[in-house]
Amino acid sequence: MLLAAAARQLRPHRTLLLPALRSPLKEEPAESFSDRADMLRACAADARVPAGISLFEKRRGVTTYTWQALLHFRGLYPAAEIYFLMGSDCLPGFGRWRRPDSILSSARLLVGRRKGFPAGPAGGYPAVFLKGVFPEVSSTGLRAALYRGDVPREVPPAAARIIKERGLYLGRLRERVLSRLGPGRAAHTLACARLACDIAASRGSDARAAAVAALVHDYAKELDPRRLEKICRSAGLGVPSLEETVRRAPQLLHSWVSAHLARAELGVEDPRVLRAAARHTLGHPSMSELDKTIFVADLAAPDRTFPGAARLRRLALRDLDAAAALGARMKTEWLRRSGRWIHPLGLETCLKLNS
């Protein structure tokens with residue numbers, strides 16, 4: 001890891017790790033400040049790097065830019081030579097950071113080379129480079145893998161232990177959902193979550209929202225049709241063509257009930273996630289990107305083996321809109337060939353997506 005290499009090469013008098021309260025350039029942190037600080041502390045101990053954890057950003061209580069943090073530490077240690085550690089993947093965009101010149105007046109950039117990224121200063125900004133080349137690690141990619149239930153080898157063992165013990169990165173939610181489902185449905189849910197995260201990652205969109213929606217999309221799938229109908233009526237879920245759906249295909253109700261129970265029992269509050277879960281079976285004429293992601297991930301998850309499933313998966317990673325249109329068409333054509341009832345909403349979705 002970069003920190004261990006920097007500690008070996010520079011032998012600094014003091015090393016400080018600065019967990020962000022929230023990053024001005026990234027999505028809201030998935031886990032609490034204290035959990036992230038504990039993982040940092042454990043990783044440093046595992047790597048045998050004597051490092052302290054600074055609570056500066058937490059105490060400040062607002063989004064903090066790097067120049068502000070370094071100005072603070074320059075004030076604390078006016079005579080010290082301060083290094084700011086980063087990977088070379090950050091160099092190309094350094095000039096777009098807030099007040100880069102202020103950062104350089106407070107500290108020297110200490111950079112670890114990552115394969116495929118600049119091996120020297122970018123934009124004329126001076127930097128000190130560590131010896132060697134370090135693995136390309138994307139925090140976004142690591143989080144996406146954790147959301148889908150995988151622990152990449154790049155995650156230090158100390159952090160992996162805390163993640164497992166505390167059910168972080170959706171571990172707690174995943175456990176609650178899977179405990180309600182039979183083995184086959186649980187396997188499909190995990191497969192759907194993996195594909196949804198892959199689709200989100202391929203588009204640079206919110207992998208956490210995709211993972212949550214995929215995890216809860218079939219939460220009510222194994223409920224008895226009468227139970228599904230009762231919940232729809234008592235909760236006033238507003239299912240289109242409810243009476244005909246109850247009569248002709250009551251199992252379709254599980255989409256709306258899954259979203260409802262995800263909020264009532266699992267504490268899922270994000271309206272984007274709940275809407276995507278509710279729309280995963282029939283879709284909707286005005287689907288959002290997240291809606292399409294879950295619609296396609298459910299239909300083309302790796303556990304699906306019908307003709308065309310693999311093609312649909314590949315397409316989803318290249319062109320989500322085309323995959324959603326193809327998926328809706330495949331569903332409608334299958335229902336027509338098998339003589340099954342086609343829900344008006346599913347038909348409307350197919351016509352809209354393929355218009």
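The values are calculated or read from the model by the stated rules, or taken from the named source; none is laboratory data. No experiment lies behind these values; they were computed from the predicted model shown. Here Cβ is always computed from backbone atoms with ideal geometry, including for glycine, and neighbour counts include all displayed protein chains.
Numbers below:
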{"item": "Matching residues in the stretch 172-193 - criterion: being touching a residue at least 12 places away in the same chain (Cβ under 8 Å), in a helix (DSSP H, G or I) and not hydrophobic (A, V, I, L, M, F, W, C)", "result": "Arg174, Arg176, Arg180, Arg185, His188, Thr189"}
{"item": "Some residue of the stretch 73-83 being modelled with pLDDT of 90 or more, in the same structural domain as Gly132 (by TED's automatic domain parsing) and under 30 Å from the mean Cα position of the chain (by Cα)", "result": "no"}
{"item": "Residues that are closer than 24 Å to Gly184 by Cβ and small (Gly, Ala, Ser), drawn from the stretch 283-302", "result": "Gly283, Ala297, Ala300, Ala301"}
{"item": "Residues (under 12 Å from Asp224 (Cα atoms) and without any contact (Cβ under 8 Å) to a residue 24 or more places away in the chain) located in the stretch 247-270", "result": "none"}
{"item": "Residue match in the stretch 152-174 (condition: more than 27 Å from Met39 (Cβ to Cβ) and surrounded by fewer than 15 Cβ atoms within 10 Å (Cβ to Cβ))", "result": "no"}
{"item": "Sole exception among (1) crowded, with 17+ Cβ neighbours inside 10 Å; (2) farther than 23 Å from Glu165 by Cβ; (3) not hydrophobic (A, V, I, L, M, F, W, C) for Lys115, by number", "result": "(1)"}
{"item": "Any hit, the stretch 337-355, residues being farther than 20 Å from Arg203 by Cα, in contact with a Gly (Cβ under 6 Å, 6 or more places away or on another chain) and in a helix (DSSP H, G or I)", "result": "yes"}
{"item": "Candidates Ala5, Ala51, Ala44 - the one that is over 18 Å from Leu76 (Cβ atoms), more than 27 Å from the chain's Cα centre (by Cα) and surrounded by 15 or more Cβ atoms within 10 Å (Cβ to Cβ)", "result": "Ala5"}
{"item": "Search result, residues across the stretch 65-76 that are in contact (Cβ under 8 Å) with a residue 40 or more places away in the chain and farther than 29 Å from Lys115 by Cα", "result": "Phe73"}
{"item": "Per-region count, the stretch 195-231, residues among the basic types (Lys, Arg) and farther than 21 Å from Gly283 by Cβ", "result": "4"}
{"item": "Which listed residue, of Ser102, Ser106, Ser138, is modelled with pLDDT under 90, assigned by TED's automatic domain parsing to the domain that holds Arg74 and polar (S, T, N, Q)", "result": "Ser138"}
{"item": "All helices (runs of 4 or more DSSP H) inside the stretch 1-67 with 3 or more residues being modelled with pLDDT of 90 or more and closer than 26 Å to Val133 by Cα", "result": "2-10, 33-46"}
{"item": "The stretch 297-312: number of residues that are of a type in the set (D, E, K, R), surrounded by 15 or more Cβ atoms within 10 Å (Cβ to Cβ) and in a helix (DSSP H, G or I)", "result": "1"}
{"item": "Elements of type helices (runs of 4 or more DSSP H) in the stretch 195-296, at least 1 residues being buried (at least 24 other Cβ atoms within 10 Å of the Cβ) and in the same structural domain as Leu312 (by TED's automatic domain parsing)", "result": "207-216, 225-235, 254-264, 271-278"}
{"item": "Residue satisfying all of: in the stretch 155-171; part of a loop (DSSP other than H, G, I, E, B) and farther than 27 Å from Ala220 by Cα; farthest from the chain's Cα centre (by Cα) among these", "result": "Pro156"}
